[in-house]
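Every read-out reported here was derived from the displayed coordinates using simple, explicitly stated rules and does not represent laboratory data. None of these values were measured; they are calculated from a predicted model. For neighbour counting, all protein chains shown are included, and Cβ atoms are generated from backbone atoms with ideal geometry for every residue, glycine included.
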């Protein structure tokens, strides 16, 4: 529910929205510090770069009007994920409010997705 696609893009978005700062100047310095201190770079934190390796079914959920992480992040992850998947963009709610603001459609989407997977597995066992 409401994932970011890449940490780098998320930081650029938040710097622009919260502080009206361009990430082009800040991120290289922050990334250098992280690499020195912790051994990784900001661009290494990227669900988008690994979602294509996921074999299990995934239900991507996001609120259409998320004010913290844009819904496009879930859409990008959904597009890159092979195999069984579904994308649910809730009509109401801000960040992490998909369930709270869309209880019935959220529950129905999760139930239907799980039922669909269960039915497919049962059909595969019979074949």
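Before anything else, pin down the relative contact order of region 63-127: Cα pairs under 8 Å, at least 6 apart, normalised by residue count, whole percent.
Details: 56 pairs, mean separation 20.2, N = 65.
Relative contact order comes out at 31 percent.
If each residue's Cβ is checked for other Cβ atoms within 10 Å, how do 49, 31 rank with the fewest at the top?
Details: 49 13, 31 18.
With the sparsest Cβ surroundings first, the list reads 49, 31.
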Review point. Which of rounded, prolate, oblate describes region 7-126, given a ≥ b ≥ c as roots of the alpha-carbon gyration tensor eigenvalues and a/c under 1.5 marking rounded, otherwise prolate only if a/b is larger than b/c?
Key: oblate
Exercise for review: Return the whole-Å distance between the Cα centroid of region 99-127 and the Cα centroid of region 51-96.
Suggested key: 16 Å
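List 20, 65 from most exposed to least, where exposure is judged by having the fewest other Cβ atoms within 10 Å.
Ascending Cβ contact count within 10 Å gives the list 20, 65.
If each DSSP helix of 4+ residues adds -39,500 (n - 2.57) and the sum is divided by the residues in the chain, what number results at 222 nm, nearest 500 deg cm²/dmol?
Numbers: 6 runs with 70 residues, N = 127.
Helices in the chain give a 222 nm mean residue ellipticity of -17000 deg cm²/dmol.
Say R0 is 25 Å: what FRET efficiency, to the nearest 0.05, do residue 108 and residue 65 get from their beta-carbon distance? Present the calculation step by step, with values, prior to reporting the outcome.
Values: r = 20 Å, r/R0 = 0.80.
So, using R0 = 25 Å, E works out to roughly 0.80.
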Check your understanding: Got a sec? Which residues in region 43-81 would a label at residue 121 touch, if it sits 7 Å along Cα→Cβ and we count backbone N under 17 Å?
Key -> 55-59
Point to revise | Burial ordering of 69, 26, fewest other beta-carbon atoms within 10 Å first | key: 26, 69
Point to revise | Nearest-ten-degree value, helix 23-38 long axis tilted from longest Cα axis of the chain | key: 80 degrees
